[in-house]
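Right, one structure below, let's go through it.
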Amino acid sequence: MSGIDPNTPRPTEIVVHKRSRILELAFDDGMRFQLPFELLRVYSPSAEVRGHGPGQEVLQVGKRDIDVDSLEQVGHYAVQPHFSDGHNTGIFSWDYLHWLGANQLQLWRDYDERLRAAGQSRDPVQGSQSDQPAVAPLTTDQRAVKPAAGLTSVALTRPRS
């Protein structure tokens, strides 16, 4: 999934809902998805989560309360969220985000089964380092980007002091 194929659906709207911890996306093929931050974090396309090959995946646990501190556009093909646990290496291409949205029900089932099999939980361990944000959280509930054709900018940043 590269996100640069001419047939890849492209987002026409990206909205970060801080309070409900949802990334809402509308695509030019008419599809609209609401992706929980937790789903994005546990299915991050980074090597930290996926490993460097089949069988090297790392089960992400305790991510129920994860936040997105910032969201940066990467070229014209992806966004890169910075999560409150410090994870910021996943680059989410347009096709991967579309795929996550289209498959999220099955992805949640698979994730729940893997957690159960490992005796783990979606809930954070109290007092763990992962409960502490790596960056100060945003002060607004929602930042919306409604770009013109071609999605020229996506941003979720802290206001400057």
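The values are calculated or read from the model by the stated rules, or taken from the named source; none is laboratory data. It should be emphasised that the depicted structure is a prediction, and the values quoted were computed from it without experimental measurement. So basically every Cβ, Gly included, is an ideal-geometry build from the backbone, and we count neighbours across all protein chains shown.
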**Request:** Report yes if Q34 is under 12 Å from the mean Cα position of the chain (by Cα) and surrounded by fewer than 20 Cβ atoms within 10 Å (Cβ to Cβ), otherwise no.
**Result:** yes
**Message:** Exactly one of these conditions fails for Q60: (1) surrounded by fewer than 21 Cβ atoms within 10 Å (Cβ to Cβ); (2) modelled with pLDDT of 95 or more; (3) within 25 Å of D112 (Cβ to Cβ). Give me its number.
**Reply:** (1)
**Request:** For the range 68-77, enumerate the residues that are part of a loop (DSSP other than H, G, I, E, B) and surrounded by 12 or more Cβ atoms within 10 Å (Cβ to Cβ).
**Result:** H76, Y77
**Request:** Confirm whether D65 is modelled with pLDDT of 95 or more, in a loop (DSSP other than H, G, I, E, B) and under 23 Å from T8 (Cα atoms).
**Result:** no
**Fill in**
Among the residues of the range 58-79, the number that are over 13 Å from the mean Cα position of the chain (by Cα) and either closer than 15 Å to P45 by Cα or of a type in the set (F, W, Y) (or both) is 5
**Request:** For the range 108-118, enumerate the residues that are surrounded by fewer than 17 Cβ atoms within 10 Å (Cβ to Cβ), of a type in the set (A, V, I, L, M, F, W, C) and touching a residue at least 40 places away in the same chain (Cβ under 8 Å).
**Result:** W108, A118
